[in-house]
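Read through the structure below, which is laid out as structure tokens, and then see the notes.
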Amino acid sequence: MILLELEKPVDKLCDYTYGFCWSSNFDRDSIIPHQKDSSYTYRDVVEALKAGETVHVKGDTGEQLAHSMGASIEHLGGSGDIEDAGTIIVDGNVGTEAAMGMVSGTLYISGKVAEPMGNVIEVKSDREGYRKFVSITDLLCNNRKETVISNQLEGKTLILSDNVNRGTIAARCNCDVEIRVKGDVYNGCGLLMRKGILIIEKNAGMNTAAHLDGGTVVVKGKCGEFAGAFMKNGYLLAEEVKGYAGADMKGGVILTHKKANISPPAKKGKLDKQDINLLKKYLGAGMFASVQYNKYEASDEGKYITIKMRDGSFVRRKVE
């Protein structure tokens, strides 16, 4: 077990991505700041969790605790699949965006958990004085014998009605399940899904259905920017999507009621029978209403890159 006593909150603890972004120079072998009587690195705590061990944090944590916990991260040489993970115990409060993209392992938290949260759900705790959280993907796909709190689980159907603001719901889901959210959701829901159905009754944030590789994501309201980015397979159905929809999509289909501001290589397509059947099944749209939807799919006209302009805006240019 790793015991980590913090004198101040620290961001990105137990983050399997190590704070990844394209411009990041984050050093995963750097020593975690504000430790008392220890000198663990960011890599140390992630490797302990990968080995099934426990990381016990005494003190409050900052943002992005346990980001993508349990995922074998491709940009770090991993397979992109789900792996077993250990346990994190926090004696204190937890900051925003905890467990974004988390797909296995267990969290025990004694204090408050700030919203938005990630792909986790609270279950009945077996540790006195702590709330217990597990990954929604893990709960459904691995049949974890847990009793959910303030939500409903019936077989392979999960209904989230607790009004908790969550992001990355159903991340990397690889089983035939159905998740219904009775409200709005945060960013990245449906991230890297391969199977299953995610139905969001209201609005969704940015990057909805990003990297979707199968399954169906239904948003009965609006989606934020970059919906369906990097899609490979599957369906995204929505009332409306904001700008840059379909950026770098390789496959799959986006269906929207309102015309979308798409980003190359996404292109306008023609509705077929399967599209209309899905609209009828999940949105209750009749034949007349269905044909008013817009279809977007990947173009085979070459690759595009995103270029940041001096004024901070972005443009998409084709690679010749």
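Odds and ends about this structure:
- Subset of region 142-181 (residues that are polar (S, T, N, Q), closer than 20 Å to His67 by Cβ and surrounded by 16 or more Cβ atoms within 10 Å (Cβ to Cβ)): Thr168, Asn174
- Test: Asn277 is under 21 Å from Ile200 (Cα atoms), without any contact (Cβ under 8 Å) to a residue 12 or more places away in the chain and among the polar types (S, T, N, Q): yes
- Leading residue by the ranking (nearest to Asp138 (Cα to Cα)) among those in region 75-105 that are out of contact with any Leu (no Cβ under 7 Å at 6 or more places or on another chain) and crowded, with 24+ Cβ neighbours inside 10 Å: Val103
- Sole residue being modelled with pLDDT under 95 and either under 11 Å from the mean Cα position of the chain (by Cα) or within 18 Å of Thr137 (Cα to Cα) (or both), chosen from Gly188, Gly234, Gly167, Gly215: Gly215
- Per this entry, Gly246 is counted among residues that are touching a residue at least 24 places away in the same chain (Cβ under 8 Å) and either touching a Leu at 6+ places or on another chain (Cβ under 7 Å) or on the phi > 0 side of the Ramachandran plot (or both).
- Among the conditions (1) in contact with a helix residue (DSSP H, G or I) (Cβ under 6 Å, 6 or more places away or on another chain); (2) farther than 19 Å from Asn93 by Cα; (3) surrounded by 18 or more Cβ atoms within 10 Å (Cβ to Cβ), Leu191 misses just one, which is (1).
- Region 233-286 holds strands (runs of 3 or more DSSP E) entirely within its bounds, and those carrying 2 or more residues that are touching a strand residue (DSSP E or B) at 6+ places or on another chain (Cβ under 9 Å) and among the β-branched types (Val, Ile, Thr) map to 253-256.
- For Lys250, the conditions (1) closer than 25 Å to Cys141 by Cβ; (2) surrounded by fewer than 19 Cβ atoms within 10 Å (Cβ to Cβ); (3) touching a Gly at 6+ places or on another chain (Cβ under 9 Å) are fulfilled apart from (3).
- Among residues that are of a type in the set (Ser, Thr, Tyr), without any contact (Cβ under 8 Å) to a residue 60 or more places away in the chain and crowded, with 23+ Cβ neighbours inside 10 Å, Tyr235 is included.
The values are calculated or read from the model by the stated rules, or taken from the named source; none is laboratory data. Source: prediction; values computed, not measured. Using ideal geometry, Cβ is built from the backbone for each residue, glycine included, and neighbour counts are taken over all protein chains shown.
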